[in-house]
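The values are calculated or read from the model by the stated rules, or taken from the named source; none is laboratory data. In this text, all values refer to a predicted model and were calculated from it rather than measured experimentally. Cβ placement follows ideal geometry from the backbone for every residue including glycine, while neighbour counts extend to all protein chains displayed.
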Amino acid sequence: MGWFSSACSFIGSAISGACSAVCSVASSVVRGVGSALSTFASKAVGLVAGIASKAASFVGLVATLPLGPLGPVVGAIIQQVVIYAVSKAVEYLAKKLGIIGDKDKAEEVGYRVEEAQEHDDWKRQEDFKTFEEYYAYLKEQIPDEKIDRAKLAANRERYTILGAMELTAGLEQQMEIKLPEDFLFEIGRSRMEPNEILAIVDAFKFLGSDTVYISDYLKGKLSRDENIKIEDALLVALRKYYPNKDDDALYERLGVMRMASRNDEKLADVYADKLTEENFKRIERENRIPEDL
């Protein structure tokens with residue numbers, strides 16, 4: 001059963017009280033964030049409304065994790081690490097492609113975008129050709145020193161997810177391909193590296209697709225011929241980004257991605273280094289999910 005068996009033993013140990021507290025904190029955070037994003041989406045206008053709806057939809061996918069064999073405690077913690085894994089991966093790629101600066105953060109992107117909706121006299125996202133241009137404008141309207149750091153800290157998860165979805169829209173524009181919520185969810189489920197994400201995007205562009213629909217491949221929903229076609233394209237692209245890895249290693253990694261997509265329990269192995277007794281105790285002590293987790 002791998003790490004999950006150890007987790008079950010750990011959860012049943014003397015630290016079980018801390019696990020209950022952890023579960024309460026993590027679950028309430030995700031539920032609250034999803035509700036807040038849905039409310040914001042209903043009030044927002046223009047492109048931001050659609051992106052906020054995508055953010056709420058993404059959180060809805062993440063919220064399904066505890067329903068599997070991970071259970072209410074481990075699953076609730078993985079909700080949080082999946083959210084941050086996706087956010088950090090998107091943030092990294094946005095920096096690499098010059099959409100935001102090296103010191104910018106997804107949470108600050110979300111904060112500025114949400115704050116801008118309160119100003120009817122400000123320009124809207126659709127007034128700009130690219131998200132890069134829009135965000136440069138927002139940074140002029142809300143420079144770093146004008147950010148309400150207390151407000152940002154109190155709503156960090158919501159701003160992080162909203163910012164990640166805005167950055168995803170910027171990546172879609174530059175890459176000229178759609179990155180749907182289920183693909184973002186798969187990034188988190190298998191803890192994809194930025195180069196793996198780029199390889200997957202390249203593979204689907206090579207196949208002539210306007211959308212990265214890798215979830216169907218990972219979950220085994222495609223025909224044999226479609227499966228082979230996508231896998232061949234993925235291997236070609238992965239070889240480009242990982243020239244020092246042989247095909248056996250690349251096949252093995254694709255196998256991990258498939259398992260993580262189909263089996264909730266596998267996530268405990270993917271994130272084993274995050275699910276430690278020390279981290280459970282730290283969450284109970286601080287009554288929040290630490291950013292570095």
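Below are the figures for this structure:
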read-out	value
Helices (runs of 4 or more DSSP H) within the range 102-211 that include 3 or more residues under 24 Å from Ala41 (Cα atoms)	106-116, 131-141, 149-154, 156-175, 181-189
Residue match in the range 67-83 (condition: modelled with pLDDT of 95 or more, touching a Lys or Arg at 6+ places or on another chain (Cβ under 9 Å), outside any loop (DSSP other than H, G, I, E, B) and crowded, with 24+ Cβ neighbours inside 10 Å)	no
Every residue from the range 103-126 that is over 19 Å from Gln174 (Cβ atoms), surrounded by 14 or more Cβ atoms within 10 Å (Cβ to Cβ) and not charged (D, E, K, R)	Gly110, Tyr111, Ala116, Gln117, Trp122
Odd one out for Ser28 among (1) at pLDDT 95 or above; (2) within 26 Å of Asp148 (Cβ to Cβ)	(1)
Residues that are under 9 Å from the mean Cα position of the chain (by Cα) and touching a residue at least 60 places away in the same chain (Cβ under 8 Å), drawn from the range 82-95	Val82, Ile83, Tyr84, Ala85, Val86, Ser87, Ala89, Val90
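Conditions (1) at pLDDT below 95; (2) loosely packed, with under 14 Cβ neighbours inside 10 Å; (3) out of contact with any strand residue (DSSP E or B) (no Cβ under 8 Å at 6 or more places or on another chain), marked per residue:
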| position | (1), (2), (3) |
| --- | --- |
| Phe128 | no, no, yes |
| Glu140 | no, yes, yes |
| Lys151 | no, yes, yes |
| Arg156 | yes, no, yes |
| Gly163 | no, no, yes |
| Leu184 | no, no, yes |
